[in-house]
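Asker: Below is the structure I would like to discuss, written out as structure tokens.
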Amino acid sequence: REGIPVVPMPGPSAVLAALVGSGLPTDRFLFAGYPPRKKGERRRWLSELLSIPATVIFFESPHRLISTLELLAELDPERPTVVARELTKIHEEFVRGTSAEVLAEFQSRGKVLGECVVLVGTANKPMARDENEIFATYAELLAQGLASKEALKETARALGLPKREVYKILHREEKRTGARDGNGFQRNSRSKERKSSAAGKA
């Protein structure tokens, strides 16, 4: 806009260095920056990324790495995962395996040091979704003030599922519980949580 020429210069890139050294497919990849700090938002963020048919790359701080790997392993324990640590430095390393295996490796170490790049490959098979995860995501979005249609759309997007499939599951649950709208579903969901909590205490 200001008429100032911009000339790109080649240089070191942690994203490309990690991708090349990871052994994951390089034909299609996405760099997603840093995950959200809040755990719930990070979980939805990861769920959305896992639905993308490409190698996904993101940065993570060492003190949150294990927490993020726990969420990743919970969502898809068999997903090909690589953590590239301390790239271009003397202690550079690549930890490869499934998300569950990579998590176990870093849990065994205790403290994580150094800058980390996380790379996640595409799924070997379509991810199965627990219906309770759909209910919980939908109810949480309703609690944030979204209208039922918008909450349904965002639930499908966050979990990487077809909107029609999410609608069928929610509609079946609403009919079963007698709820007639999104707010009714939210109340029933919370009621179930309270009953489950009370049963656990008993």
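Asker: Nearest 0.05, what FRET efficiency do A54 and E131 give at R0 = 30 Å with Cβ-Cβ as r?
Answerer: Result of the calculation: an efficiency of 0.65.
Asker: Rounded, prolate or oblate: which one fits segment 10-168, using the alpha carbon gyration tensor with axes a ≥ b ≥ c (rounded when a/c is under 1.5, else prolate when a/b beats b/c, else oblate)?
Answerer: prolate
Asker: P(r) for segment 1-96: what percent of alpha-carbon pairs falls in each 5 Å bin, starting at zero?
Answerer: Once binned at 5 Å, the Cα pair distances of segment 1-96 give 2, 11, 21, 23, 18, 10, 6, 5, 3, 1, 0.
Asker: Still on this structure: How big is segment 38-88 along each principal axis, measuring the range of its Cα positions in Å and listing the largest first?
Answerer: 31, 25, 16
Asker: What is the sum of charges, Lys and Arg at +1 and Asp and Glu at -1, for the other residues whose Cβ falls under 12 Å from the Cβ of P35?
Answerer: That works out to +4.
Asker: In addition: Just check segment 134-177 against the gyration tensor rule for me: Cα atoms, a ≥ b ≥ c as the square roots of the eigenvalues, rounded for a/c under 1.5, and otherwise prolate or oblate depending on whether a/b exceeds b/c.
Answerer: Since a/c reaches 1.5 but b/c is at least a/b, the shape of segment 134-177 is classed as oblate.
Asker: Assigning unit charges at the beta carbon (Lys, Arg +1; Asp, Glu -1) and nothing else, what dipole magnitude in debye, to the nearest 20, does segment 1-143 show about its Cα centre?
Answerer: 280 debye
Asker: Count charges around T98 for me, please; just the other residues with Cβ under 11 Å from its Cβ, Lys/Arg as +1, Asp/Glu as -1.
Answerer: -2
Asker: What ranking of E48, E154, E93 emerges when the number of other C-beta atoms within 10 Å of each C-beta is taken as an exposure proxy, fewest first?
Answerer: E93, E48, E154
Asker: Would you mind ranking Y167, Y34, Y138 by Cβ crowding within 10 Å, fewest neighbours first?
Answerer: Going from least to most buried by this count: Y34, Y167, Y138.
Asker: Please rank E131, E60, fewest neighbouring Cβ atoms within 10 Å first, as an exposure proxy.
Answerer: E131, E60
Where a number appears in this text, it was derived from the coordinates with a stated rule and is not lab data. Quick caveat, the model's predicted, so the values are computed rather than measured. Cβ coordinates were reconstructed from backbone atoms using ideal geometry, including for glycine residues, and neighbour counts include every protein chain displayed.
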